[in-house]
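Following: one structure in structure tokens, then a few remarks.
The values are calculated or read from the model by the stated rules, or taken from the named source; none is laboratory data. Since the structure is predicted, the reported quantities are computational estimates derived from the model, not experimental observations. We place every Cβ from the backbone using ideal geometry, glycine too, and count neighbours over all the protein chains shown. Protein only, heavy atoms only, side chains kept; ligands, DNA and RNA dropped before computing areas. Shrake-Rupley method; radii C 1.70, N 1.55, O 1.52, S 1.80 Å.
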Amino acid sequence: MKNISLRAKLILGFSSIILISAFLSIVTGIRLIGNTIIKQVQVKVRLDLNSAREVYQTECIKIKNSVRLTALRYFIKDAIEKSNTLQLGVELEKIRKNESLDILNIMDKNGRILKGSHHSSNMERNLDNRIIARVLESKINIVSTEIISGENLKNESHELAQRARIRLIPTSKAKSASEKKSGMIIGAASPVFGYGGELIGVLFGGKLINKNFDIVDKVKDTVYRGEKYKGKDVGTVTIFQNDVRISTNVKRSDGRRAIGTRVSQEVYEQVVKKGIPWIGRAFVVNEWYITAYEPLRNLNRKIIGMIYVGMLEAPYKDLKNRVMITFLGIALISVILLSIIAYSTSKKITNPLKKLLFATKKVTEGDFSHKVKISTNDEIGQLTDSFNKMTSELQKVNKKYLILNKNLEKKVREKSIELKKAQDQLIQAEKMTSLGKLSAGIAHEINNPLTSILINAHLISNQLKEKENYKENLDLIIDETSRCSKIVKSLLEFSKQNPTEKNLADINDVIEKTLLLLKNHVLMHKVKIKKDLDTKLPMIMIDMNKIEQVFANVIINAMEAISRQGNLSVNSRLSEDKQFIEINFTDNGIGISEENIGKIFDPFFTTGRQTGTGLGLSISYGIIQQHNGSIHAQSKVGKGTTIIISLPVNKINKKNSKEENNNEI
Ligand SMILES: Nc1ncnc2c1ncn2[C@@H]1O[C@H](COP(=O)(O)OP(=O)(O)OP(=O)(O)O)[C@@H](O)[C@H]1O
Ligand SMILES: [Mg+2]
């Protein structure tokens, strides 16, 4: 179960519930339907048996009344009293036929037959002494069903004996025998009274039931109205003599009435032997019937036969089957529908969970923007909602974290740049300081001898005549010494570290003034100057002379870089953060190689072999440093160079400059 998916588990659970309930309802339903139908039929058969009994009793009463009324007639009294039975036979035969009787006999008060309807009757033999004896004894009308032996019937009439005679037919469930000669009659006897009121005789009338189908067909017609199912009578009625069908409308397979067939052993045992009515299924001749049997008793209450009604089981069985098939169909459709519902329900439960699972995977991969879309309001909907809220929160936190990280990285970068700058400045400052000290010492020592060399050289030169050979050499000495003197002066300038005197000034004015000072230089180098100066620049605290010196250095360098004709553009503007004034000097001169660009601020780095000292930019660098600004170069060989100078605008500038001034002084 552990490895089965949730969906499979749900479907399995649903299906087992559906199948168990379907199985239970089918089993109970089928049993209930079956039992109800069978019970209904049994109740009906019981009622039908009552009807059959009624019809039978009505027939008995009819015979009884016929006999009773006949016994009252005068010609019978006369005939007995006068022992004149001559005409009696004819009269009796007439009445017998009119009343549909098979036997009509008259007896004297001793029970001897005086006259019978069948003249062949043995006068001496008592046809049915039991009923007659009872009438003689009780002087009342009696009717009862009795068995009459074949012999007696023969005595009465050959035709009756023949009708009673039944060849017994063995059936699959009934015992076999050969032939039965006795017959069963409904017999009625009435006392005949003389004119004085004394009993003078008995009138006996009877109807042989054997092969007489009046009663059974009457019951069938009144109760079942000739209803048929697949060509067979639905309802059947039988009168049994003992266990043999002597009057029936149950048909054999050949279509003839099943006279002579016998009841099943179990029914016989229960009804005939034990006298208990039988209600239930029974195999009758060749079909299953829902049957009702009850015993038929004679005057002495002895069971002499049975009366039966039965309804074909087939229509009810078919009905039961049809109902069951319908029921099964409904159950099957219900199972299919429920299965579809179970499937879609499980899908409804697991699909959102799948979406959630997918979303959690996305979250673990770092995608917090993935949202789960579920529109239900149930627990899963709430879970999804919480999940979406959680991812939104995570997304926010993650964003914050990323921003923090970026800021941190930016700060680290900035700090690293600052650090590098500070390091560079420190190195440069150290270089300057040590160089400054060295220069100051050397310059001081060399300056005086150089001056005296120069003065003396000049004196000698003035004293020597123009044409003298020495003069040329002496002038060379003067030139070289002048150059040495210039270097020494620069060194002294460099090492002097004059204190800065800062005042509020307009940087554009300083630029203009420097350009004016260098006017001749500019003209000499045929350089075109382009100015783009921002007129709205704030005033800043600077040492004007020193800044002028820086600008002059930079401009002269540019002009030296432009070999013949060229342009120099000078821009001033406020930086984006309004914290600095930026001054750019851009020339289209020879440019600086990548190798050299890192060295141009180093003291004594020069490419101007003859004229340059290589101190111009390093002095400028020191001055800009003193102003808390920056100077750097961008260049491409053959294209030109831009020198960018930044000077701070804000109050710090003021404050710092004062502090510096103090330090320097
Ligand atoms: N605008 C420029 N274009 C090309 N190279 C330049 C430019 N400015 C400076 N340089 C290079 O930087 C070097 C150092 O300049 P710096 O001003 O310090 O010394 P110099 O000009 O050589 O000598 P001095 O300033 O004493 O006359 C120069 O020799 C030159 O090679
Ligand atoms: Mg220079």
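Exactly one condition in (1) within 7 Å of ligand 1 (Cβ to nearest atom); (2) out of contact with any helix residue (DSSP H, G or I) (no Cβ under 9 Å at 6 or more places or on another chain) is not met by residue 590; state its number.
(2)
Which of (1) modelled with pLDDT of 90 or more; (2) under 25 Å from residue 183 (Cα atoms) is the odd one out, the single condition residue 251 does not satisfy?
Here residue 251 clears every test but (1).
Based on this model, can you work out whether residue 604 counts as without any contact (Cβ under 8 Å) to a residue 40 or more places away in the chain and more than 7 Å from ligand 1 (Cβ to nearest atom)?
Yes, satisfied.
Which pairs do you get when a residue that is among the hydroxyl-bearing types (Ser, Thr, Tyr), found in region 506-517, comes within reach of a residue that is open to solvent by less than 80 Å² (accessible area, probe 1.4 Å), reach meaning Cβ atoms under 7 angstrom, with the pair 6+ apart or on two chains?
514/548; 514/551; 514/552; 514/555
Condition first: open to solvent by 10 Å² or more (accessible area, probe 1.4 Å) and more than 16 Å from ligand 2 (Cβ to nearest atom). Now tell me which residues in region 535-565 satisfy that.
Result: 535, 536, 537, 538, 539, 541, 543, 544, 545, 564, 565.
I'd like to verify a number: residues in region 123-137 that are at pLDDT 85 or above and open to solvent by 60 Å² or more (accessible area, probe 1.4 Å), how many?
Of the residues in that region, 2 qualify.
So residue 582 clears everything in (1) outside any strand (DSSP E or B); (2) open to solvent by 10 Å² or more (accessible area, probe 1.4 Å) except one condition, right? Which one?
(1)
Looking at residue 630, is it more than 16 Å from ligand 2 (Cβ to nearest atom), modelled with pLDDT under 95 and open to solvent by less than 50 Å² (accessible area, probe 1.4 Å)?
Criteria met by residue 630.
Taking region 627-644, which residues are assigned to a loop (DSSP other than H, G, I, E, B), farther than 15 Å from residue 598 by Cα and within 12 Å of ligand 1 (Cβ to nearest atom)?
638, 639
Going by the conditions given, is residue 411 over 19 Å from the mean Cα position of the chain (by Cα) and either more than 21 Å from residue 6 (Cβ to Cβ) or assigned to a loop (DSSP other than H, G, I, E, B) (or both)?
yes
Take the residues in region 589-626 that are in a helix (DSSP H, G or I), more than 13 Å from ligand 2 (Cβ to nearest atom) and polar (S, T, N, Q), then tell me which one is surrounded by the most Cβ atoms within 10 Å (Cβ to Cβ).
Within region 589-626, the first condition is being in a helix (DSSP H, G or I), and the residues that meet it are 594-597, 616-626.
Keeping just the survivors that are more than 13 Å from ligand 2 (Cβ to nearest atom) gives 594-597, 622-626.
Add one more test, that the residue is polar (S, T, N, Q), and what stays is 596, 625-626.
Working: 596: 15, 625: 16, 626: 21.
The qualifying residue surrounded by the most Cβ atoms within 10 Å (Cβ to Cβ) is 626.
Within the bounds of region 368-379, is there any residue that is among the aliphatic types (A, V, I, L, M) and assigned to a loop (DSSP other than H, G, I, E, B)?
Among the residues of region 368-379, at least one is among the aliphatic types (A, V, I, L, M) and assigned to a loop (DSSP other than H, G, I, E, B), which makes the answer yes.
(1) crowded, with 18+ Cβ neighbours inside 10 Å; (2) more than 16 Å from ligand 1 (Cβ to nearest atom); (3) in a helix (DSSP H, G or I): which one isn't true of residue 516, the others all being true?
Residue 516 satisfies all of (1) crowded, with 18+ Cβ neighbours inside 10 Å; (2) more than 16 Å from ligand 1 (Cβ to nearest atom); (3) in a helix (DSSP H, G or I) except (1).
Please pick out the residue among 347, 373, 399 that is over 16 Å from the mean Cα position of the chain (by Cα) and over 30 Å from residue 130 (Cβ atoms).
None of the other options fit; the residue is 399.
Going through region 215-251 one residue at a time, which ones are open to solvent by 40 Å² or more (accessible area, probe 1.4 Å) and in a strand (DSSP E or B)?
Correct list: 228, 229, 232, 251.
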